[in-house]
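Okay, structure first, notes after.
We did not get these values from a lab; they are worked out from the coordinates using the rules stated. Being a predicted model, the structure only gives us computed values, none of them experimental. Backbone-built Cβ (ideal geometry, glycine too); neighbour counts: all protein chains shown.
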Amino acid sequence: MTKERRKAVFRFVSVFLTLPICLSGAGESLDYEEVLRRAGKKLTEKDTMILVESKSGLVKGIVNRDIAFSKLAKPGSTFKLISAYSILEKNMNHREERIYCDDKFFIVGEGTRARRVEFSIRNPRIGDYFRCSKYGGHGTVGLAQAIRRSCNHYFFNMSDVLSYDELLISVRRFGFDKKVFQEEDGPAGKIVRCDNRKDRVLSYIGEGDSFRVSPMNMALFFHFLASEGRGKRLYYQREGQVLASSMPGMKSVCVECMQFIKKSLSAKVSTGAESGQRVLVRSFAGKTGTVSNRNSTLSSGWYAGYAPVKKAEFSFVLYLQKGNGKDAYRMMKQVLFGEK
């Protein structure tokens, strides 16, 4: 992005700021205005970023508030964490389940021919297969490796372990079919029960037609993940009023499941800013997600997680209307670490 375009974009970006985040043990508060300033320079008017304090559940700041509440999109590979939680909650022994990923998952049946198809295909035939996220496959992987490497093949096969209806029940428990704040404009998340095998299989990796979620819906889940299920409901300060989320908090979250997922995420530790900017946090962990769009060659990108890694003090969600998960990850690294 050129310097001139960044200046033009910044005029359209709205920033909502509340109170500074206090990092326990750090002896100082996070320079929250600097976080939003950096994000505001990089995000367009169709992107958004949300930060939530883990201890209090307070939404500390939003870039482009309308997008955060109103945009409904496929969750992409970030949804693999919800699938993983659902699998573990059903039986923790599934964390030891290992599957060989050869890059090909046949949708209807293997047949005599093999043809790779896109996720957007409407009527797959025998021999049509979905590719994994890595060309050639990941080899033998367990659940932890599948999360870290974002192995589509593993989660496709988990549709034999966790039924589609069981997945829908788990998704509704986390409020993905509700508005997080009833007082805010914007639609509730959508859960559509699909009957065809293709869309059901794609649901386990956040594709297909089963789920449409808002960035605020994702912020709620990653708040629970960062706090290992112990977090309070979300609170949001608007025009002097403190609004409470419609979700009162999860009383029966599997803490062991959340801990396993957190340990499985890829972590990034700062080695010092190369651009001369300050490092705002020293480490963070998260999950990328890339969403394919049926009527366009362009994709959208997610990156959601928490920081610092050892003891999460806040969670974040970053959504890019145009881009992919790697783009969203690089942007979050630039915002928090001050790196180019």
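Numbers below:
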quantity	calculated
Ranked 35, 52, criterion: other C-beta atoms within 10 Å, fewest first	35, 52
Fewest-first sequence of 319, 100 by Cβ atoms within 10 Å of each Cβ	100, 319
DSSP-loop GluC sites (Glu not before Pro) across segment 75-131, with at most 16 other Cβ within 10 angstrom	97, 110, 118
Segment 133-177: chymotrypsin sites (Phe, Trp or Tyr not before Pro) in DSSP loop, at most 10 other beta carbons within 10 Å	135
Fraction of antiparallel bridges per DSSP, segment 97-184 only, in percent to nearest 5	75 percent
All Cα pairs of segment 73-137, percent lying beyond 17 Å	58 percent
Under-5 Å amide H pairs with residue 61, H placed in peptide plane, nonlocal only	51
Approximate spin-label separation residue 70-residue 37, in nm, with each point projected 7 Å along Cα-to-Cβ	2.9 nm
Estimated Rh, segment 118-254: Kirkwood, alpha-carbon pairs, angstrom	17.0 Å
Among 200-210, 186-196, the order from most to least packed when residues are scored by Cβ within 10 Å on average	200-210, 186-196
